[in-house]
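The values are calculated or read from the model by the stated rules, or taken from the named source; none is laboratory data. If you're wondering where the values come from, they're calculated on a predicted model, not measured in any experiment. Positions of Cβ are backbone-derived with ideal geometry, glycine not excepted, and every protein chain shown enters the neighbour counts. Accessible surface is based on the protein model in full, side chains and every heavy atom, while ligands, DNA and RNA are left aside. Shrake-Rupley method; radii C 1.70, N 1.55, O 1.52, S 1.80 Å.
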Amino acid sequence: MRTPLLIAAALLFASPAMSQSVPNAAPWDQPFLPPAPEWNGASRDLLRAASDPWVTAFEADAAHDFSPTYADTRAWFDRLDAASDLIRIEQFGVSPEGRPIYAVIASKDGARFDPSKPVLLAQAGIHPGEIDGKDAGMMLLRDIVFYGKDDLLDRVNLILIPILSVDGHERASAYSRPNQRGPRIQGWRNTATNQNLNRDYLKLDQPEMRAVRGLIVKYRPDLYVDIHVTDGMDYQYDVTYGYNGEDGVYSRSPATALWLDNAFKPAMNAALKARGHIPGELVFGIDDQNPRAGLSDGGLGERFSNGWGSAAHVPTILIENHSLKPHEQRVLGTYVFLEQALKLLASDGRDLRAAITADSALRPAEIPANFVQNDQPTVTRPFKGITYETYDSPASGRREIRWLGQADPVLWQLPFYTSHPTLTLRRPEAYWVPSYRTDIIERLRVHGVTMETLTAPRTVPVEMLRLDDPKVGARANEGHVPVTVTSVTPERRDWTFPIGSVRVPTDQPLGDIVVLLLEPQSSESFFAWGLFPEVLSRVEYIEGYAIAPLAERMMAADPALKAEFEAKLAAEPDFAANGDARLQWFYERTPFYDDHYRLYPVAREN
């Protein structure tokens, strides 16, 4: 019965009659989506006619609701490359399914960039269903080459990644993102290995993210734009974007955030408004059932592009176009955004570089981490809402929201919740990673971290960390079983590190990244992602017939130990009633106990 039901549902969603019952719906539009407000922005003049020899597949489509396949996209860019000296294509990685991952580079400098010119890196398709940046980038590069916009490259270089998650892009269908209005064929959110690349900026599990990190290390972009399409509540904004440190809140790159606040955002918003778009800050509603409950900053985690960019001192903007706006509107807004970003880098790139230099020189002694949302709102934020009503749903058995597709004439005033750190990490001089953890060393190397590799064994005084009470997660997350530890006990040791071990100093621009990755209490650390499971396994054991008489001798020989044991018995009845736990307590205090159990193998140098 399941297959006929699925077919019936598909036919229902594709029904022209159903689509015509929804205002502004295309024949293939999902009829269950809210109506889209009327839009006729001035940026429509960017579209080329279907007869143009360089028209894109998006433009050639009558409804501007189509995005080409990986092969067709590459063929179009290959043709553009062959037609112009301004364009070159660079492969920088290979996907798990063997597809080349490539960037399209637009420059007047030839094979090597003029180092005095700022570099804009625009990335599309980290979530391939959210592919607006690919279609906008194709149009912009075409116009640079053929239609009089080559002056955009006079003082700036552009790198476009049209599709980052190329395997997910090719797992395409009309049923990938039910909450998004076009394109009618969309890629899949996750990769061929079922990973969400937008959770991989710090741990660098996936070949796609290691490849893009290598591209960033190679070209050192002055501005990194990560292009997405959001979901969630309805609202008037069509292009929302943000960055860590916006509006003066905490940032690991405060000078960059100030430049983005004062120079970038006002000019960008003005450019978008002038072309008929409605720009806004990122929207993260806190209650799906109550749109007026408030908004949050979405968290500041370094697993995301904007959080990583702040920690790595790479100015990073996260674009989240609104999923309920038509694909055409979103693509044209992205075009305007990218064009204006090039203009801003040309006019203000020197000031941005000064901000990057200032942030890269920071070496905070204490590093806040593990941010969580505040219980109380910090400010009230004006918000351009969409009218809605609620109704009794026979499907859910509760009140549900029905968005009505009309701009609310009254500006909403919503409480806005920022985040605060729950952990402060002390910055050591360096970390030591043993040679057998080649995977950890390689991830650090891909990040671009500076390290010293030992060519001979070295014994050094270090601080090892005993993990007091680690907890293994109940379910997997992004292919890992997470582990948390809330407290650690430092132990001073003289430790011998073998050949191939690395010393990782924190006195470097990526020092904050190093701390966040190597401190086990950090929620973004390699340990937290479950990459050190071996320390949770205890190797040697002792039988009761052996430890019981040994424990009795220990109490007889050490009155202080006996007193400590008796105090624990009195304070903890469950412990007192558990013979195994009592003997284990003594075993842990003998030299027979596994000394490496819960001993984190990455050492601190203070």
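On average over all directions, what projected area in square nanometres does the stretch 460-583 have, based on the convex hull of its Cα atoms?
Numbers: hull surface 47.1 nm².
If you wrap the Cα atoms of the stretch 460-583 in a convex hull and average its projections, you get 11.8 nm².
Go ahead and estimate [θ] at 222 nm for the chain from helices alone: -39,500 (n - 2.57) per DSSP H run with n ≥ 4, summed, over the residue count, rounded to 500. Please report the intermediate quantities before stating the final value.
Values: 17 runs with 185 residues, N = 606.
Calculated mean residue ellipticity at 222 nm is -9000 deg cm²/dmol.
In whole Hz and in residue order, list the ³J(HN,Hα) couplings for the stretch 359-366 that follow from phi through the Karplus curve 6.51 cos²θ - 1.76 cosθ + 1.60, θ = phi - 60°; x for Gly and Pro.
5, 5, 8, 5, 9, x, 5, 10
Between residue 581 and residue 38, what length comes free when the chain is fully extended (0.36 nm per residue of separation minus the Cα-Cα distance, one decimal in nm)? Write down the numbers at each step before the final one.
Values: separation 543, 0.36 × 543 = 195.48 nm, distance 6.94 nm.
Here the answer is 188.5 nm.
What aspartates and glutamates sit close enough to residue 108 to cross-link, taking a C-alpha to C-alpha distance under 14 Å and skipping anything fewer than 8 places away on the same chain?
Residue 108 reaches 81, 85, 150, 151, 154.
Find which of 96, 153, 125 sits farthest along the positive direction of the dipole of the chain, computed with +1 on the beta-carbon of Lys and Arg, -1 on that of Asp and Glu, about the Cα centre.
Sorting the options by dipole projection puts first 153.
Using the Cα centre of the stretch 172-220 as the reference point, and only Cβ charges (+1 on K/R, -1 on D/E), how large is the resulting charge dipole? Debye, rounded to the nearest 20. Walk me through the numbers on the way to the answer.
Working: 10 positive and 3 negative charges, 38 e Å.
Approximately 180 debye in magnitude.
For the stretch 48-162, give me the percentage of DSSP beta bridges that are antiparallel, rounded to the nearest 5 percent.
Numbers: 10 of 15 bridges.
The antiparallel proportion sits near 65 percent.
Of 397, 115, 523, which is farthest along the charge dipole of the chain in the positive direction, counting Lys and Arg as +1 and Asp and Glu as -1 at C-beta?
So the residue we want is 115.
Report the charge-dipole magnitude of the chain in Debye, nearest 20, computed about the Cα centre from +1 at each Lys and Arg Cβ and -1 at each Asp and Glu Cβ.
Details: 62 positive and 80 negative charges, 118 e Å.
The dipole of the chain has a size of about 560 debye.
Any chance you could list the semi-axes, whole Å, largest first, of the equivalent ellipsoid that the Cα gyration tensor gives for the stretch 364-437, using √(5λ)? Numbers along the way, then the final one.
Working: eigenvalues 411, 78, 27 Å².
Output for the stretch 364-437: semi-axes of 45, 20, 12 Å.
Roughly how many whole Å is it from the C-alpha centroid of the stretch 468-507 to that of the stretch 169-229?
Rounded to whole Å, the Cα centres lie 28 Å apart.
Per the Debye formula with a single identical scatterer at each Cα and no solvent contribution, what log10 I(q)/I(0) holds for the stretch 304-345 at q = 0.22, 0.24, 0.30 Å⁻¹?
Normalising to I(0) and taking log10 leaves -0.82, -0.87, -0.95.
Between residue 348 and residue 572, what is the spin-label point distance in nm, taking each point 7 Å from the Cα along the Cα→C-beta axis?
Once both label points are built, they end up 5.8 nm from each other.
Report the label-to-label distance for residue 261 and residue 173 in nanometres (one decimal), using points 7 Å from each Cα along the Cα→Cβ vector.
4.7
Once amide H atoms are built 1.01 Å from N in the peptide plane, which residues 5 or more positions from residue 240, or in another chain, come under 5 Å H to H?
Those lying under 5 Å, H to H, from residue 240 are 280, 320, 321, 322.
Past 27 Å, Cα to Cα, is the threshold; run 203/471; 471/562; 149/384; 218/273; 203/273 against it and keep the listed order.
Working: 203/471 20 Å; 471/562 30 Å; 149/384 33 Å; 218/273 35 Å; 203/273 38 Å.
Violating the 27 Å limit, Cα to Cα: 471/562; 149/384; 218/273; 203/273.
With a 10 Å radius around each residue's Cβ, average the other Cβ atoms per peptide and rank 419-425, 53-59, highest first. Each step should come with its number before you reach the end.
Numbers: 419-425: 15.6, 53-59: 18.9.
So the order, starting with the most tightly packed, is 53-59, 419-425.
I'd like the antiparallel share, as a percent to the nearest 5, of DSSP beta bridges with both residues in the chain.
Values: 60 of 80 bridges.
Approximately 75 percent, going by the DSSP bridge assignments.
Hey, rough spin-label estimate for residue 274 and residue 558, points 7 angstrom out along Cα→Cβ, what's it come to in nanometres?
Going from the residue 274 label point to the residue 558 one covers 7.6 nm.
May I ask you to rank 264, 416 by accessible area, largest first, using a 1.4 Å probe over the protein chains only? Show your work: numbers first, answer last.
On the way: 264 0, 416 30 Å².
Most to least solvent-accessible, the answer reads 416, 264.
Can you compute the FRET efficiency between residue 468 and residue 534 using 1/(1 + (r/R0)^6), with r the Cβ-Cβ distance and R0 = 22 Å? Round to the nearest 0.05.
Working: r = 18 Å, r/R0 = 0.80.
With a Förster radius of 22 Å, E is 0.80.
Report the paramagnetic label zone for residue 496: residues of the stretch 427-451 whose backbone N is under 18 Å from a point 7 Å from Cα along the Cα-to-Cβ axis.
Zone members listed by number: 433-437.
Cα axis of helix 265-274 to longest principal axis of the chain: angle in degrees, 0 to 90, nearest 10?
30
For a paramagnetic label modelled at 7 Å from the Cα of residue 484 toward its Cβ, which residues of the stretch 418-433 fall within the zone defined by backbone nitrogen distances under 19 Å?
Label zone hits: 419-425.
Quick one: if the Förster radius is 51 Å, what FRET efficiency do residue 89 and residue 372 give, using the C-beta to C-beta distance and rounding to 0.05?
Details: r = 43 Å, r/R0 = 0.84.
Efficiency for this residue pair is about 0.75.
With only alpha-carbon atoms counted, please give the Rg and Dmax of the stretch 74-223, in Å.
15.6, 46
Suppose we take every Cα in the stretch 138-183 and form the convex hull; what volume per residue is that in Å³? The partial results should precede the final answer.
Numbers: hull volume 5.3 nm³, N = 46.
Per residue, the Cα convex hull of the stretch 138-183 comes to 115 Å³.
Could you tell me which residue out of 195, 63, 577 lies farthest along the dipole of the chain toward its positive end? Charges go on the beta carbon: Lys and Arg +1, Asp and Glu -1, centred on the Cα centre.
Farthest towards the positive pole: 63.
Taking the Cα centre of the stretch 92-231 as origin and charging only Cβ (+1 Lys, Arg; -1 Asp, Glu), how large is the dipole, in debye to the nearest 20? Please report the intermediate quantities before stating the final value.
Values: 19 positive and 18 negative charges, 35 e Å.
So the magnitude is around 160 debye.
Run the paramagnetic zone check for residue 247: 7 angstrom along Cα to Cβ, then residues of the stretch 354-398 with backbone nitrogen under 13 Å.
Taking a point 7 Å out along Cα→Cβ of residue 247, the residues of the stretch 354-398 whose backbone N falls under 13 Å are 377-384.
Given the convex hull of the Cα atoms of the stretch 440-518, what is a quarter of its surface area in nm²?
Computed as one quarter of the Cα hull surface, the answer is 6.6 nm².
Tell me, in nm to one decimal, what length is gained between residue 458 and residue 358 on full extension, where the rule is 0.36 nm per residue of separation less the Cα-Cα distance?
On the way: separation 100, 0.36 × 100 = 36.00 nm, distance 3.51 nm.
Additional length available on full extension: 32.5 nm.
Once the cut-off is 18 Å, how many percent of the Cα-Cα pairs in the stretch 147-209 end up in the long-distance tail?
Numbers: 1042 of 1953 pairs.
Summing the P(r) of the stretch 147-209 above 18 Å gives 53 percent of all pairs.
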